[in-house]
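Structure record follows, encoded as C-alpha coordinates.
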Amino acid sequence: MKEISRKNWTLIWILGMTGQICWNVENSWFNTFVYAKVAKEPAIISWMVGVSAIVTTLCTFFIGTWSDRLGRRKTFIAVGYIFWGLFTICFGAAEFLPKSPLIAIITFVVAADSVMSFFGSVGYDAAFCAWTTDISSEHNRGRVGGVFAAMPVLATIFGAVVSGMVIDAIDFFPFFIIMGGLVTLMGVLTLFTLKDDPGLKANKDKKGYLHQVSAVFNVKTVLANRELFWVFIVMMVYFFGFNIYFPYITIYLNNYLGMSYTLAGVLQGAGLIAAVLLTIPAARYIDRGRAVPVMVWAIIANFAGLVLVSLTSQVPLLLLGIFGAGLGYVLALQTVTAWVKNLYPEEQRGQFEGIKQLFFVCLPMVVGPSIASVVINRTGVPMVIDGIAGLVPTEKLFLISAFFTLLTFLPLIPAGRLQQTRRRQREQAKAAV
(Lines give C-alpha, C1' and ligand atoms only; values in the text may rest on other atoms or scores of the structure.)
Protein backbone atom coordinates (compact mmCIF):
# COMPACT_ATOMS: atom_id res chain seq x y z
CA MET A 1 0.00 0.00 0.00
CA LYS A 2 1.42 3.40 -1.03
CA GLU A 3 1.50 5.79 1.95
CA ILE A 4 1.58 9.58 1.59
CA SER A 5 4.43 11.24 3.49
CA ARG A 6 3.90 14.17 5.85
CA LYS A 7 5.81 16.41 3.45
CA ASN A 8 3.55 15.44 0.57
CA TRP A 9 0.40 15.92 2.68
CA THR A 10 1.71 19.40 3.52
CA LEU A 11 2.34 20.17 -0.14
CA ILE A 12 -1.12 18.86 -1.07
CA TRP A 13 -2.67 21.28 1.41
CA ILE A 14 -0.45 24.29 0.63
CA LEU A 15 -0.52 24.04 -3.17
CA GLY A 16 -4.12 22.85 -3.22
CA MET A 17 -5.41 25.63 -0.99
CA THR A 18 -3.48 28.30 -2.88
CA GLY A 19 -4.84 27.02 -6.17
CA GLN A 20 -8.39 26.75 -4.86
CA ILE A 21 -8.27 30.26 -3.41
CA CYS A 22 -7.18 31.56 -6.81
CA TRP A 23 -9.97 29.60 -8.55
CA ASN A 24 -12.40 30.99 -5.99
CA VAL A 25 -11.22 34.52 -6.74
CA GLU A 26 -11.91 33.87 -10.42
CA ASN A 27 -15.25 32.11 -9.95
CA SER A 28 -16.69 34.53 -7.38
CA TRP A 29 -14.88 37.84 -7.39
CA PHE A 30 -14.02 38.14 -11.08
CA ASN A 31 -17.74 38.09 -11.78
CA THR A 32 -18.47 40.60 -9.02
CA PHE A 33 -15.55 42.76 -10.21
CA VAL A 34 -16.99 42.85 -13.75
CA TYR A 35 -20.39 43.90 -12.39
CA ALA A 36 -18.83 46.59 -10.19
CA LYS A 37 -16.11 48.00 -12.47
CA VAL A 38 -16.91 47.06 -16.09
CA ALA A 39 -20.63 46.56 -16.90
CA LYS A 40 -23.69 45.04 -15.27
CA GLU A 41 -24.32 42.65 -18.12
CA PRO A 42 -24.84 38.88 -17.38
CA ALA A 43 -23.70 37.96 -20.91
CA ILE A 44 -20.15 39.10 -20.10
CA ILE A 45 -19.96 36.64 -17.23
CA SER A 46 -21.43 33.91 -19.41
CA TRP A 47 -18.76 34.53 -22.07
CA MET A 48 -16.00 34.78 -19.49
CA VAL A 49 -16.97 31.56 -17.74
CA GLY A 50 -17.61 29.66 -20.97
CA VAL A 51 -14.43 30.65 -22.82
CA SER A 52 -12.19 30.08 -19.80
CA ALA A 53 -13.81 26.68 -19.27
CA ILE A 54 -12.98 25.62 -22.83
CA VAL A 55 -9.40 26.91 -22.46
CA THR A 56 -9.05 25.11 -19.13
CA THR A 57 -10.23 21.80 -20.56
CA LEU A 58 -8.07 21.89 -23.69
CA CYS A 59 -5.04 22.96 -21.70
CA THR A 60 -5.46 20.22 -19.09
CA PHE A 61 -5.87 17.57 -21.76
CA PHE A 62 -2.93 18.57 -23.96
CA ILE A 63 -0.57 19.50 -21.11
CA GLY A 64 -1.63 16.43 -19.12
CA THR A 65 -0.75 14.22 -22.08
CA TRP A 66 2.59 16.00 -22.42
CA SER A 67 3.22 15.44 -18.72
CA ASP A 68 2.50 11.70 -19.12
CA ARG A 69 4.92 11.50 -22.05
CA LEU A 70 7.74 13.17 -20.12
CA GLY A 71 7.00 11.42 -16.83
CA ARG A 72 7.17 14.77 -15.02
CA ARG A 73 4.76 16.92 -12.98
CA LYS A 74 7.02 19.28 -10.97
CA THR A 75 8.08 21.59 -13.82
CA PHE A 76 4.50 22.06 -15.01
CA ILE A 77 3.27 22.80 -11.47
CA ALA A 78 5.95 25.45 -10.85
CA VAL A 79 5.65 27.24 -14.22
CA GLY A 80 1.86 27.11 -14.13
CA TYR A 81 1.58 28.62 -10.64
CA ILE A 82 4.10 31.39 -11.31
CA PHE A 83 2.30 32.69 -14.41
CA TRP A 84 -1.13 31.97 -12.94
CA GLY A 85 -0.43 34.55 -10.25
CA LEU A 86 1.00 37.12 -12.63
CA PHE A 87 -2.02 37.03 -14.94
CA THR A 88 -4.41 37.26 -11.99
CA ILE A 89 -2.87 40.68 -11.37
CA CYS A 90 -3.16 41.56 -15.08
CA PHE A 91 -6.90 40.83 -15.01
CA GLY A 92 -7.46 43.51 -12.39
CA ALA A 93 -5.95 46.11 -14.74
CA ALA A 94 -9.27 46.09 -16.62
CA GLU A 95 -10.49 48.56 -14.00
CA PHE A 96 -8.25 51.25 -15.48
CA LEU A 97 -9.06 50.72 -19.15
CA PRO A 98 -11.59 52.86 -21.09
CA LYS A 99 -15.13 51.45 -20.92
CA SER A 100 -15.99 52.59 -24.43
CA PRO A 101 -16.29 50.92 -26.83
CA LEU A 102 -17.72 48.23 -24.59
CA ILE A 103 -16.66 45.41 -26.92
CA ALA A 104 -12.99 46.35 -26.38
CA ILE A 105 -13.13 46.05 -22.60
CA ILE A 106 -15.20 42.87 -22.85
CA THR A 107 -12.57 41.36 -25.18
CA PHE A 108 -9.78 42.27 -22.75
CA VAL A 109 -11.65 40.83 -19.75
CA VAL A 110 -12.45 37.54 -21.51
CA ALA A 111 -8.91 37.22 -22.91
CA ALA A 112 -7.18 38.02 -19.60
CA ASP A 113 -9.40 35.54 -17.76
CA SER A 114 -8.65 32.86 -20.37
CA VAL A 115 -4.86 33.32 -20.19
CA MET A 116 -5.01 33.19 -16.39
CA SER A 117 -7.11 30.02 -16.61
CA PHE A 118 -4.62 28.49 -19.07
CA PHE A 119 -1.73 28.75 -16.62
CA GLY A 120 -3.96 27.71 -13.72
CA SER A 121 -4.79 24.56 -15.64
CA VAL A 122 -1.13 23.89 -16.43
CA GLY A 123 -0.15 24.09 -12.78
CA TYR A 124 -3.19 22.80 -10.93
CA ASP A 125 -5.38 20.60 -13.13
CA ALA A 126 -2.91 19.01 -15.54
CA ALA A 127 0.05 18.56 -13.18
CA PHE A 128 -0.85 18.98 -9.49
CA CYS A 129 -4.00 16.83 -9.63
CA ALA A 130 -2.15 14.11 -11.54
CA TRP A 131 0.71 14.29 -9.00
CA THR A 132 -1.71 13.63 -6.13
CA THR A 133 -2.92 10.51 -7.97
CA ASP A 134 0.69 9.39 -8.53
CA ILE A 135 1.58 9.53 -4.82
CA SER A 136 -1.66 7.95 -3.50
CA SER A 137 -3.40 4.57 -3.68
CA GLU A 138 -6.92 3.15 -3.61
CA HIS A 139 -6.61 2.76 0.18
CA ASN A 140 -6.16 6.47 0.90
CA ARG A 141 -7.88 8.22 -2.01
CA GLY A 142 -11.02 8.70 0.05
CA ARG A 143 -8.93 10.92 2.30
CA VAL A 144 -7.34 12.60 -0.72
CA GLY A 145 -10.84 13.14 -2.12
CA GLY A 146 -11.88 14.57 1.25
CA VAL A 147 -9.02 17.06 1.09
CA PHE A 148 -9.95 18.00 -2.49
CA ALA A 149 -13.55 18.49 -1.36
CA ALA A 150 -12.63 20.45 1.74
CA MET A 151 -10.18 22.79 0.02
CA PRO A 152 -12.72 24.50 -2.30
CA VAL A 153 -15.01 25.03 0.69
CA LEU A 154 -12.21 26.42 2.85
CA ALA A 155 -11.13 28.54 -0.11
CA THR A 156 -14.72 29.74 -0.47
CA ILE A 157 -14.82 30.60 3.23
CA PHE A 158 -11.52 32.45 2.95
CA GLY A 159 -12.51 33.96 -0.38
CA ALA A 160 -15.92 35.00 0.87
CA VAL A 161 -15.07 36.25 4.36
CA VAL A 162 -11.49 37.53 4.07
CA SER A 163 -11.78 38.63 0.44
CA GLY A 164 -14.98 40.50 1.13
CA MET A 165 -13.35 42.38 3.99
CA VAL A 166 -10.20 43.14 1.98
CA ILE A 167 -12.18 44.37 -1.03
CA ASP A 168 -14.39 46.53 1.17
CA ALA A 169 -11.20 47.99 2.74
CA ILE A 170 -8.82 48.46 -0.22
CA ASP A 171 -10.89 47.73 -3.39
CA PHE A 172 -10.40 45.14 -6.13
CA PHE A 173 -7.03 45.83 -7.78
CA PRO A 174 -4.87 45.76 -4.61
CA PHE A 175 -6.74 42.56 -3.69
CA PHE A 176 -5.81 40.95 -7.03
CA ILE A 177 -2.16 41.96 -6.48
CA ILE A 178 -2.13 40.21 -3.10
CA MET A 179 -3.78 37.03 -4.39
CA GLY A 180 -1.70 36.85 -7.56
CA GLY A 181 1.52 37.43 -5.64
CA LEU A 182 0.68 34.58 -3.26
CA VAL A 183 0.13 32.10 -6.11
CA THR A 184 3.37 33.12 -7.84
CA LEU A 185 5.25 32.65 -4.56
CA MET A 186 3.87 29.11 -4.26
CA GLY A 187 5.12 28.34 -7.75
CA VAL A 188 8.63 29.37 -6.75
CA LEU A 189 8.34 27.29 -3.55
CA THR A 190 7.49 24.22 -5.65
CA LEU A 191 10.87 24.37 -7.38
CA PHE A 192 12.64 23.71 -4.08
CA THR A 193 10.27 21.37 -2.23
CA LEU A 194 8.20 19.10 -4.49
CA LYS A 195 9.47 15.83 -6.01
CA ASP A 196 7.85 13.66 -8.65
CA ASP A 197 6.74 10.20 -7.55
CA PRO A 198 9.60 7.69 -8.04
CA GLY A 199 7.18 5.28 -9.71
CA LEU A 200 6.18 7.79 -12.39
CA LYS A 201 7.51 6.63 -15.74
CA ALA A 202 7.54 8.34 -19.12
CA ASN A 203 4.72 7.05 -21.32
CA LYS A 204 5.66 7.94 -24.90
CA ASP A 205 3.51 6.66 -27.73
CA LYS A 206 5.95 5.59 -30.46
CA LYS A 207 3.57 6.98 -33.09
CA GLY A 208 3.96 10.48 -31.70
CA TYR A 209 2.25 13.05 -29.48
CA LEU A 210 -0.81 13.64 -31.68
CA HIS A 211 -1.50 9.91 -31.92
CA GLN A 212 -1.26 9.65 -28.14
CA VAL A 213 -3.68 12.56 -27.77
CA SER A 214 -6.25 11.08 -30.17
CA ALA A 215 -5.98 7.52 -28.85
CA VAL A 216 -8.05 8.34 -25.76
CA PHE A 217 -11.07 9.12 -27.96
CA ASN A 218 -11.09 5.61 -29.38
CA VAL A 219 -14.35 3.73 -28.75
CA LYS A 220 -12.32 0.86 -27.30
CA THR A 221 -10.93 3.21 -24.64
CA VAL A 222 -14.45 4.23 -23.62
CA LEU A 223 -15.68 0.64 -23.50
CA ALA A 224 -12.63 -0.45 -21.50
CA ASN A 225 -13.38 2.29 -18.95
CA ARG A 226 -17.19 2.27 -18.87
CA GLU A 227 -17.50 2.88 -15.14
CA LEU A 228 -15.08 5.81 -15.34
CA PHE A 229 -17.05 7.48 -18.13
CA TRP A 230 -20.36 6.98 -16.31
CA VAL A 231 -18.82 8.69 -13.27
CA PHE A 232 -17.70 11.50 -15.56
CA ILE A 233 -21.33 11.90 -16.66
CA VAL A 234 -22.49 11.92 -13.01
CA MET A 235 -19.97 14.69 -12.40
CA MET A 236 -21.11 16.62 -15.46
CA VAL A 237 -24.83 16.57 -14.67
CA TYR A 238 -24.30 17.52 -11.03
CA PHE A 239 -22.12 20.48 -11.96
CA PHE A 240 -24.63 21.66 -14.56
CA GLY A 241 -26.83 22.59 -11.62
CA PHE A 242 -23.95 23.93 -9.55
CA ASN A 243 -22.78 26.32 -12.29
CA ILE A 244 -26.26 27.72 -12.80
CA TYR A 245 -26.29 29.40 -9.39
CA PHE A 246 -22.73 29.56 -8.05
CA PRO A 247 -21.26 32.31 -10.29
CA TYR A 248 -24.16 34.57 -9.29
CA ILE A 249 -24.69 33.85 -5.57
CA THR A 250 -22.61 36.81 -4.35
CA ILE A 251 -24.30 39.08 -6.89
CA TYR A 252 -27.69 37.81 -5.65
CA LEU A 253 -26.87 38.38 -1.98
CA ASN A 254 -25.20 41.72 -2.60
CA ASN A 255 -27.56 43.31 -5.13
CA TYR A 256 -30.93 41.53 -4.80
CA LEU A 257 -30.92 41.11 -1.00
CA GLY A 258 -28.92 44.29 -0.38
CA MET A 259 -26.06 42.76 1.66
CA SER A 260 -22.54 44.17 1.87
CA TYR A 261 -19.68 42.12 0.45
CA THR A 262 -18.59 41.40 4.02
CA LEU A 263 -21.99 40.15 5.19
CA ALA A 264 -22.48 38.10 2.03
CA GLY A 265 -19.04 36.57 2.55
CA VAL A 266 -19.61 35.78 6.22
CA LEU A 267 -22.98 34.21 5.40
CA GLN A 268 -21.48 31.92 2.76
CA GLY A 269 -18.43 31.10 4.87
CA ALA A 270 -20.33 30.27 8.05
CA GLY A 271 -22.77 28.06 6.15
CA LEU A 272 -19.93 25.96 4.74
CA ILE A 273 -17.71 25.43 7.80
CA ALA A 274 -19.73 22.54 9.26
CA ALA A 275 -19.96 20.86 5.85
CA VAL A 276 -16.18 20.35 5.75
CA LEU A 277 -16.24 18.27 8.95
CA LEU A 278 -18.42 15.65 7.26
CA THR A 279 -15.67 14.81 4.78
CA ILE A 280 -13.96 12.76 7.51
CA PRO A 281 -16.70 10.12 8.04
CA ALA A 282 -17.55 10.25 4.33
CA ALA A 283 -13.96 9.29 3.45
CA ARG A 284 -14.36 6.02 5.36
CA TYR A 285 -17.46 5.09 3.36
CA ILE A 286 -15.80 6.00 0.06
CA ASP A 287 -12.64 4.00 0.84
CA ARG A 288 -14.90 0.99 1.53
CA GLY A 289 -16.49 1.33 -1.90
CA ARG A 290 -19.68 3.04 -0.67
CA ALA A 291 -19.49 6.01 -3.03
CA VAL A 292 -23.07 5.73 -4.30
CA PRO A 293 -24.87 6.22 -0.93
CA VAL A 294 -22.66 9.25 -0.20
CA MET A 295 -23.54 10.69 -3.60
CA VAL A 296 -27.26 10.15 -2.97
CA TRP A 297 -27.08 12.14 0.26
CA ALA A 298 -25.10 14.85 -1.54
CA ILE A 299 -27.83 15.30 -4.14
CA ILE A 300 -30.59 15.41 -1.52
CA ALA A 301 -28.73 17.93 0.67
CA ASN A 302 -27.94 20.15 -2.32
CA PHE A 303 -31.55 20.12 -3.55
CA ALA A 304 -33.00 20.94 -0.13
CA GLY A 305 -30.47 23.71 0.47
CA LEU A 306 -31.10 25.46 -2.84
CA VAL A 307 -34.87 25.31 -2.40
CA LEU A 308 -34.55 26.86 1.05
CA VAL A 309 -32.30 29.66 -0.26
CA SER A 310 -34.95 30.44 -2.89
CA LEU A 311 -37.71 30.67 -0.29
CA THR A 312 -36.24 33.08 2.25
CA SER A 313 -34.35 36.31 2.78
CA GLN A 314 -33.92 35.79 6.54
CA VAL A 315 -30.29 35.34 7.53
CA PRO A 316 -30.71 32.24 9.79
CA LEU A 317 -32.67 30.35 7.11
CA LEU A 318 -30.31 31.50 4.36
CA LEU A 319 -27.46 30.19 6.49
CA LEU A 320 -29.19 26.80 6.76
CA GLY A 321 -29.88 26.71 3.03
CA ILE A 322 -26.29 27.59 2.14
CA PHE A 323 -25.13 24.86 4.54
CA GLY A 324 -27.32 22.29 2.74
CA ALA A 325 -26.09 23.34 -0.70
CA GLY A 326 -22.52 23.44 0.57
CA LEU A 327 -22.82 20.01 2.16
CA GLY A 328 -24.08 18.59 -1.11
CA TYR A 329 -21.22 20.20 -3.00
CA VAL A 330 -18.57 18.94 -0.55
CA LEU A 331 -19.81 15.34 -0.52
CA ALA A 332 -20.31 15.23 -4.29
CA LEU A 333 -16.85 16.59 -5.04
CA GLN A 334 -15.21 14.29 -2.49
CA THR A 335 -17.01 11.25 -3.88
CA VAL A 336 -16.36 11.76 -7.58
CA THR A 337 -12.73 12.85 -6.97
CA ALA A 338 -11.86 9.61 -5.17
CA TRP A 339 -14.01 7.52 -7.52
CA VAL A 340 -12.34 8.67 -10.74
CA LYS A 341 -8.81 8.56 -9.29
CA ASN A 342 -9.33 4.87 -8.53
CA LEU A 343 -10.38 4.24 -12.13
CA TYR A 344 -7.72 6.20 -14.08
CA PRO A 345 -5.46 4.01 -16.26
CA GLU A 346 -2.10 4.17 -14.49
CA GLU A 347 -0.11 5.28 -17.54
CA GLN A 348 -2.63 7.98 -18.59
CA ARG A 349 -3.41 9.86 -15.37
CA GLY A 350 -2.43 13.27 -16.72
CA GLN A 351 -4.36 12.72 -19.93
CA PHE A 352 -7.48 11.56 -18.10
CA GLU A 353 -7.32 14.65 -15.87
CA GLY A 354 -7.97 16.48 -19.14
CA ILE A 355 -10.91 14.23 -19.97
CA LYS A 356 -12.23 14.87 -16.46
CA GLN A 357 -12.05 18.61 -17.11
CA LEU A 358 -14.34 18.20 -20.11
CA PHE A 359 -17.07 16.80 -17.86
CA PHE A 360 -16.17 18.67 -14.65
CA VAL A 361 -15.36 22.14 -16.00
CA CYS A 362 -15.90 22.69 -19.71
CA LEU A 363 -19.42 21.43 -20.32
CA PRO A 364 -20.87 22.47 -16.93
CA MET A 365 -19.28 25.92 -17.08
CA VAL A 366 -20.55 26.50 -20.62
CA VAL A 367 -24.03 25.05 -20.20
CA GLY A 368 -24.69 26.16 -16.59
CA PRO A 369 -24.03 29.90 -16.97
CA SER A 370 -25.77 29.87 -20.38
CA ILE A 371 -28.91 28.55 -18.70
CA ALA A 372 -28.44 31.10 -15.92
CA SER A 373 -28.12 33.91 -18.46
CA VAL A 374 -31.46 32.92 -20.03
CA VAL A 375 -33.13 32.69 -16.61
CA ILE A 376 -31.77 36.09 -15.51
CA ASN A 377 -32.77 37.77 -18.76
CA ARG A 378 -36.33 36.45 -18.38
CA THR A 379 -36.82 36.71 -14.61
CA GLY A 380 -34.14 39.15 -13.43
CA VAL A 381 -34.96 42.43 -11.74
CA PRO A 382 -33.85 45.65 -13.53
CA MET A 383 -31.73 47.76 -11.20
CA VAL A 384 -29.51 50.81 -11.46
CA ILE A 385 -26.39 50.25 -9.39
CA ASP A 386 -23.65 52.88 -9.18
CA GLY A 387 -25.37 54.69 -12.02
CA ILE A 388 -25.36 51.68 -14.37
CA ALA A 389 -28.53 49.82 -15.39
CA GLY A 390 -28.55 46.03 -15.40
CA LEU A 391 -30.41 42.83 -14.50
CA VAL A 392 -29.99 41.17 -11.11
CA PRO A 393 -30.78 37.44 -10.54
CA THR A 394 -33.72 36.48 -8.35
CA GLU A 395 -34.63 33.41 -6.28
CA LYS A 396 -35.88 31.60 -9.41
CA LEU A 397 -32.26 30.94 -10.38
CA PHE A 398 -31.84 28.68 -7.32
CA LEU A 399 -35.02 26.73 -8.08
CA ILE A 400 -33.81 25.99 -11.62
CA SER A 401 -30.46 24.88 -10.21
CA ALA A 402 -32.16 22.61 -7.68
CA PHE A 403 -34.14 20.91 -10.47
CA PHE A 404 -31.00 20.22 -12.50
CA THR A 405 -29.32 18.73 -9.42
CA LEU A 406 -31.99 16.00 -9.25
CA LEU A 407 -31.10 14.85 -12.77
CA THR A 408 -27.82 13.50 -11.34
CA PHE A 409 -29.71 10.39 -10.22
CA LEU A 410 -30.08 9.27 -13.85
CA PRO A 411 -26.38 8.53 -14.61
CA LEU A 412 -25.70 7.55 -10.99
CA ILE A 413 -27.74 4.34 -11.44
CA PRO A 414 -25.57 2.72 -14.17
CA ALA A 415 -22.37 4.02 -12.52
CA GLY A 416 -23.39 2.35 -9.26
CA ARG A 417 -24.21 -0.94 -10.98
CA LEU A 418 -20.82 -1.02 -12.70
CA GLN A 419 -19.10 -0.30 -9.38
CA GLN A 420 -20.91 -3.23 -7.77
CA THR A 421 -19.91 -5.49 -10.67
CA ARG A 422 -16.26 -4.45 -10.31
CA ARG A 423 -16.36 -5.10 -6.55
CA ARG A 424 -17.83 -8.59 -7.04
CA GLN A 425 -15.18 -9.44 -9.64
CA ARG A 426 -12.42 -8.40 -7.27
CA GLU A 427 -13.90 -10.42 -4.42
CA GLN A 428 -14.20 -13.48 -6.65
CA ALA A 429 -10.59 -13.03 -7.80
CA LYS A 430 -9.41 -12.88 -4.16
CA ALA A 431 -11.44 -15.96 -3.25
CA ALA A 432 -9.95 -17.88 -6.20
CA VAL A 433 -6.42 -17.10 -4.94
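The values are calculated or read from the model by the stated rules, or taken from the named source; none is laboratory data. Just so you know, these numbers come straight off a predicted model, no measurement behind them. Cβ sites come from the backbone with ideal geometry, for glycine too, and all protein chains shown count toward neighbours. For accessibility, only protein heavy atoms count, side chains too; no ligands or nucleic acids. Shrake-Rupley method; radii C 1.70, N 1.55, O 1.52, S 1.80 Å.
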Q: Calculate, for the range 1-130, the solvent-accessible area per residue in square angstrom, rolling a 1.4 angstrom probe over the heavy atoms of the protein chains.
A: 34 Å²
Q) Given labels modelled 7 Å from the Cα in the Cβ direction, how far is it in nm from VAL219 to ALA270? A) 5.7 nm
Q: Report, to the nearest whole %, how much of the accessible area of the range 187-262 belongs to carbon and sulfur atoms, 1.4 Å probe, protein only.
A: 63 percent
Q.
Between ALA111 and ASN377, how high is the FRET efficiency from 1/(1 + (r/R0)^6) when r is the Cβ-Cβ distance and R₀ = 25 Å? Nearest 0.05.
A. 0.55
Q: Using a 10 angstrom cutoff on alpha carbons, build the Gaussian network for the chain and name the most mobile of LEU86, LEU58, LEU191.
A: LEU191
Q | Accessible area of the range 53-121 belonging to carbon and sulfur atoms, whole % at 1.4 Å probe | A | 82 percent
Q.
I'd like to know which of GLY328, ILE244, PHE232 lies farthest towards the positive end of the charge dipole of the chain, counting +1 on Cβ of Lys and Arg and -1 on Cβ of Asp and Glu.
A. PHE232
Q) GNM on the chain, C-alpha springs below 10 Å: top fluctuator among ILE106, ILE286, ILE244? A) ILE106
(Q) A 24 angstrom limit on the alpha carbon distance is what I want to check against. Which of LYS74/LYS201; LYS7/LYS201; LYS74/LYS207; LYS356/LYS396; LYS206/LYS341 exceed it? (A) LYS74/LYS207; LYS356/LYS396; LYS206/LYS341
Q | Whole-angstrom gap from the range 54-106 to the range 248-289, using each part's C-alpha centre | A | 27 Å
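Solvent-accessible area per residue for the range 217-311 at a 1.4 Å probe radius, Å²?
For the range 217-311, the solvent-accessible area averages 41 Å² per residue.
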**Q.** Whole-number D in µm²/s for the range 1-151 (Stokes-Einstein; Kirkwood sum over Cα pairs; 37 °C, 0.692 mPa s)
**A.** 200 µm²/s
(Q) Need the C-alpha centroid separation for the range 162-192 versus the range 308-374, integer Å. (A) 25 Å
Q) Leaving out ligands, DNA and RNA, what percent of the accessible area of the range 323-433 is carbon and sulfur, probe 1.4 Å? A) 63 percent
Q: Can you give me the span-like helices of the chain, meaning DSSP H runs with 18 Å or more of Cα extent along the axis and Kyte-Doolittle mean at or above 0.5?
A: 42-70, 74-92, 102-120, 141-157, 172-193, 226-245, 261-277, 291-311, 315-343, 363-379
Q: Take the Cα atoms of the chain, build their convex hull, and give its volume per residue in Å³.
A: 136 Å³
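Percentage of Cα-Cα pair distances in the range 98-256 greater than 20 Å, rounded to whole percent?
Numbers: 9030 of 12561 pairs.
Tail of the P(r) past 20 Å holds 72 percent of the pairs.
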